[in-house]
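Reviewing the structure listed below.
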Amino acid sequence: MKNTKELYLVLTKKNFVDILKGVKKEEYRAFSDYYIERLGEVDADGELIGTVVPETIRFQMGYSKIAPQMVVECQDVLIDVDKDVKEGEDLTTENSNFALILGAVIESSNCEKLNV
């Protein structure tokens with residue numbers, strides 16, 4: 001497993017506030033080419049062999065220039081597969097997700113109006 005420095009993700013207000021409060025400890029992302037490129041580790045043949053665990057994740061609430069942000073420790077990245085997927089079956093966006101296991105909130109900014 002290799003590490004990268006920081007992953008940047010945009011969240012809705014509810015998910016942002018729940019992570020900031022420490023209630024939400026996992027964030028899920030689609031098992032798509034976009035996230036496989038950022039979170040997957042592939043071998044020379046292009047086969048997925050593991051996940052990339054960033055040191056931190058920078059979450060932003062929405063797209064405003066002064067949007068609330070926080071930096072959260074990333075403990076692990078797992079591939080969450082539906083229960084009905086059989087051994088050897090291909091993983092797809094319909095049957096799999098990346099599960100980002102979150103740790104402590106390291107820093108936050110522009111969060112004063114959220115009443116957390």
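The values are calculated or read from the model by the stated rules, or taken from the named source; none is laboratory data. As the structure is a computational prediction, the values presented were derived from the model and not from experiment. Every residue, glycine among them, receives a Cβ derived from its backbone with ideal geometry; neighbour counts consider all protein chains shown. The area values use the complete protein model at the heavy-atom level, side chains included, leaving out ligands, DNA and RNA. Shrake-Rupley method; radii C 1.70, N 1.55, O 1.52, S 1.80 Å.
One table, with the values for the structure above:
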quantity: Given (1) open to solvent by less than 70 Å² (accessible area, probe 1.4 Å); (2) among the basic types (Lys, Arg); (3) not in a strand (DSSP E or B), index of the condition Arg29 fails; calculated: (3)
quantity: Ala44, sole failed condition from (1) of a type in the set (Gly, Ala, Ser); (2) free of Cβ contacts under 8 Å to residues at least 12 places away in the same chain; (3) on the phi > 0 side of the Ramachandran plot; calculated: (3)
quantity: Among the candidates Val10, Val105, Val17, Val71, residue that is in contact with a helix residue (DSSP H, G or I) (Cβ under 7 Å, 6 or more places away or on another chain), of a type in the set (Val, Ile, Thr) and in a strand (DSSP E or B); calculated: Val105
quantity: Subset of segment 84-116 (residues that are under 19 Å from the mean Cα position of the chain (by Cα) and of a type in the set (D, E, K, R)); calculated: Glu94, Glu107
quantity: Residue list for segment 36-62, filter: under 20 Å from Asp82 (Cα atoms) and open to solvent by less than 30 Å² (accessible area, probe 1.4 Å); calculated: Leu39, Gly40, Gly50, Thr51
quantity: Hits in segment 79-116 (condition: over 23 Å from Tyr35 (Cα atoms) and either in contact with a Leu (Cβ under 9 Å, 6 or more places away or on another chain) or modelled with pLDDT under 85 (or both)); calculated: Ser108, Cys111, Leu114, Asn115, Val116
